[in-house]
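Some notes on the structure that comes next.
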Amino acid sequence: NYFLGICYYNLAENEKKEEEKKEYYYNAIKYFDKCKSKNESFSSRVYENLGDAFWQIGQEETAFEYYQNALKYENNISKISLLKKAAQLAKRLEKNQLALDYYNQIKSDFPNSISAKDIDKYINEISN
């Protein structure tokens, strides 16, 4: 189911017709939603993918909830990108304190990463 979800998501990303693009995202969501695992990294990745798909179809609040669920699991592989997406979406949804928390977590947990190099800019945007 996971790989079918990935395939539909990638089809959506490459589709030019909006109606078909949306249908591909809905199919991706359907298959991602069927994925169940005891592996925390995998579960985190599935929730992140669900968040990405919901964001693409304009359901930002739902996407944000999936990102928050993904962050509950230990996943060092994609955690920094997940934190960044969650922060960006939190800011869009005017949940500035959460966005600030996520940006600060990037800064403290991943100080030497490329993503942390410009993190102060995002922190300052929210703080001011």
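The values are calculated or read from the model by the stated rules, or taken from the named source; none is laboratory data. On a predicted model such as this, the values are computed, not experimentally measured, just so you know. In this analysis, Cβ positions are derived from the backbone assuming ideal geometry, glycine residues included, and neighbour counts consider all displayed protein chains. For the accessible areas, the whole protein counts, side chains as well, though only heavy atoms, and no ligand, DNA or RNA atoms are used. Shrake-Rupley method; radii C 1.70, N 1.55, O 1.52, S 1.80 Å.
Scan the range 7-22 and report the pairs whose first residue is closer than 12 Å to Gln56 by Cβ and whose second residue is assigned to a helix (DSSP H, G or I) and open to solvent by 90 Å² or more (accessible area, probe 1.4 Å), with Cβ atoms within less than 7 Å and a gap of 6+ or a chain change.
These pairs meet every condition: Ala12/Gln56.
Do you know which residues across the range 23-49 are free of Cβ contacts under 8 Å to residues at least 24 places away in the same chain, closer than 21 Å to Ile77 by Cβ and open to solvent by 80 Å² or more (accessible area, probe 1.4 Å)?
Within the range 23-49, Lys36, Lys38, Asn39 meet the criteria.
Quick one: which of Asp52, Asp109 is closer than 26 Å to Ile126 by Cα and either of a type in the set (A, V, I, L, M) or surrounded by fewer than 16 Cβ atoms within 10 Å (Cβ to Cβ) (or both)?
Numbers: Asp52 fails: either of a type in the set (A, V, I, L, M) or surrounded by fewer than 16 Cβ atoms within 10 Å (Cβ to Cβ) (or both).
After applying the criteria, what remains is Asp109.
Among the candidates Gln97, Gln68, single out the residue that is outside any loop (DSSP other than H, G, I, E, B) and either within 13 Å of the chain's Cα centre (by Cα) or β-branched (Val, Ile, Thr) (or both). Walk me through how you get there before you give the answer.
Values: Gln97 fails: either within 13 Å of the chain's Cα centre (by Cα) or β-branched (Val, Ile, Thr) (or both).
Of the residues listed, the single one that is outside any loop (DSSP other than H, G, I, E, B) and either within 13 Å of the chain's Cα centre (by Cα) or β-branched (Val, Ile, Thr) (or both) is Gln68.
Does the range 74-87 hold any residues that are open to solvent by 70 Å² or more (accessible area, probe 1.4 Å) and not β-branched (Val, Ile, Thr), and which are they? Outline the logic, then answer.
Taking the range 74-87 as the starting set, the residues that turn out to be open to solvent by 70 Å² or more (accessible area, probe 1.4 Å) are 74, 76-77.
Scanning the range 74-87 gives Glu74, Asn76.
Look at Arg45 and say whether it is charged (D, E, K, R), in contact with a helix residue (DSSP H, G or I) (Cβ under 9 Å, 6 or more places away or on another chain) and farther than 23 Å from Asn1 by Cα. Step through it out loud before you land on a result.
On the way: charged (D, E, K, R): yes; in contact with a helix residue (DSSP H, G or I) (Cβ under 9 Å, 6 or more places away or on another chain): yes; farther than 23 Å from Asn1 by Cα: no.
When the stated conditions are applied, Arg45 does not pass them.
Which members of the range 74-128 meet the condition of being at pLDDT below 90 and under 28 Å from Lys36 (Cα atoms)?
Glu74, Asn75, Asn76, Ile77, Ser78
Would you confirm whether or not the range 36-58 contains a residue that is of a type in the set (A, V, I, L, M, F, W, C), on the phi < 0 side of the Ramachandran plot and at pLDDT below 95? Let's see the steps before the verdict.
Of the residues in the range 36-58, the ones of a type in the set (A, V, I, L, M, F, W, C) are 42, 46, 50, 53-55, 57.
Keeping just the survivors that are on the phi < 0 side of the Ramachandran plot gives 42, 46, 50, 53-55, 57.
Then drop every residue that is not at pLDDT below 95, which leaves 42.
Yes, the range 36-58 contains a residue that is of a type in the set (A, V, I, L, M, F, W, C), on the phi < 0 side of the Ramachandran plot and at pLDDT below 95.
Under 7 Å between Cβ atoms, which residue pairs at least 6 apart in sequence (or on different chains) link something in the range 100-128 that is small (Gly, Ala, Ser) with a partner that is not in a helix (DSSP H, G or I)?
Ala116/Phe110
Looking for something crowded, with 18+ Cβ neighbours inside 10 Å, under 30 Å from Ile123 (Cα atoms) and touching a residue at least 40 places away in the same chain (Cβ under 8 Å) - is there at least one such residue anywhere in the range 56-64?
Yes, the range 56-64 contains at least one residue that is crowded, with 18+ Cβ neighbours inside 10 Å, under 30 Å from Ile123 (Cα atoms) and touching a residue at least 40 places away in the same chain (Cβ under 8 Å).
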